[in-house]
1. So which of 32, 6, 11 ends up being basic (Lys, Arg), surrounded by 15 or more Cβ atoms within 10 Å (Cβ to Cβ) and free of Cβ contacts under 8 Å to residues at least 40 places away in the same chain?
2. Is it fair to say residue 102 is over 12 Å from the mean Cα position of the chain (by Cα) and modelled with pLDDT under 95?
3. Between residues in region 108-127 that are among the small types (Gly, Ala, Ser) and residues that are modelled with pLDDT of 95 or more, which pairs lie under 6 Å by C-beta distance while being six or more apart or on different chains?
4. Exactly one of these conditions fails for residue 106: (1) farther than 30 Å from residue 207 by Cβ; (2) touching a strand residue (DSSP E or B) at 6+ places or on another chain (Cβ under 9 Å); (3) of a type in the set (D, E, K, R). Give me its number.
5. Condition first: of a type in the set (Ser, Thr, Tyr) and over 10 Å from residue 185 (Cβ atoms). Now tell me which residues in region 205-237 satisfy that.
6. Exactly one of these conditions fails for residue 20: (1) assigned to a loop (DSSP other than H, G, I, E, B); (2) closer than 26 Å to residue 97 by Cβ. Give me its number.
7. Would it be correct to say that residue 89 is in contact (Cβ under 8 Å) with a residue 40 or more places away in the chain and either surrounded by 17 or more Cβ atoms within 10 Å (Cβ to Cβ) or closer than 28 Å to residue 204 by Cβ (or both)?
Amino acid sequence: MPDHIRIVLVRPSHPGNIGATARAMMTMGLGRLVLVQPACFPSQVATDRASGAVGILKQAVCCDSLQQAIADCHLVLGTTARDRTVEWPQCTPREAASRIAELSSEQQVAIVFGTERIGLSNEELDLCHTMVRIPCNPEFSSLNLASAVQILCYEIMLMMDLKQGHERPTETLAKQEDMQRFYSHLHEVLVELEFLDEDNPRLLDRRLHRLFNRAALVESEVQILRGILTAIQRKNG
């Protein structure tokens, strides 16, 4: 099983969905499950629904926040079925899987699923590089959580199989914790330049997050941008 890919469930309310998710992952060759503030876990209901995938539940990691769950990740994909006021970069499950397959096994990937009722919040999507939408019947787009996980895992397995024998070196994407430091630094400089009103940031911060998340910066690029920001602060200090 590729251990650099994790499935992250944010505040799952039904333990049965956790167990069904573990089963879906196991059938598609994925084994890392991370839970953010689960309503009930561990649970016998989850164990029963997992069937033969109990090992994934035993190794599941529980976190207090999404930021904690993805801090060491280089690529974070957030799933959603809802349209948003501010446009996010979007891709299909197959496009997402293709992007994952291009990364080396040293680069950590997270696929994030929101709550059963409302999905991911805008603040949680701010932490994702891309929004993944599963094509559904527009008149009935309600998809069970474990079914959504199954679809993404299947596409990943398919692309990973196609990738065999076609390995190529890739530059390491910046981790999410480094991106968050960059965003904080950028915000600080924009306030100092009076380009951004700290008391009324409007949508600028969110749009800047979208811009750089879409670019999928590598480690060296983040270092260059942080260096530019530091030079600006020295010049204006």
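The values are calculated or read from the model by the stated rules, or taken from the named source; none is laboratory data. Please read these numbers as outputs of a predicted model, since none were measured by experiment. For neighbour counting, all protein chains shown are included, and Cβ atoms are generated from backbone atoms with ideal geometry for every residue, glycine included.
1. On inspection, the qualifying residue turns out to be 32.
2. Against the criterion (over 12 Å from the mean Cα position of the chain (by Cα) and modelled with pLDDT under 95), residue 102 qualifies.
3. Matching pairs, first to second residue: 110/6; 110/8; 110/70; 110/73; 110/76; 114/10.
4. (2)
5. Within region 205-237, just 220 meets the criteria.
6. Just one mismatch for residue 20, condition (1).
7. yes
Residue by residue, here is whether (1) over 13 Å from the mean Cα position of the chain (by Cα); (2) surrounded by 14 or more Cβ atoms within 10 Å (Cβ to Cβ); (3) polar (S, T, N, Q); (4) assigned by TED's automatic domain parsing to the domain that holds residue 182 holds:
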residue: 94; (1), (2), (3), (4): yes, yes, no, no
residue: 110; (1), (2), (3), (4): no, yes, no, no
residue: 124; (1), (2), (3), (4): no, yes, no, no
residue: 134; (1), (2), (3), (4): yes, yes, no, no
residue: 138; (1), (2), (3), (4): yes, no, no, no
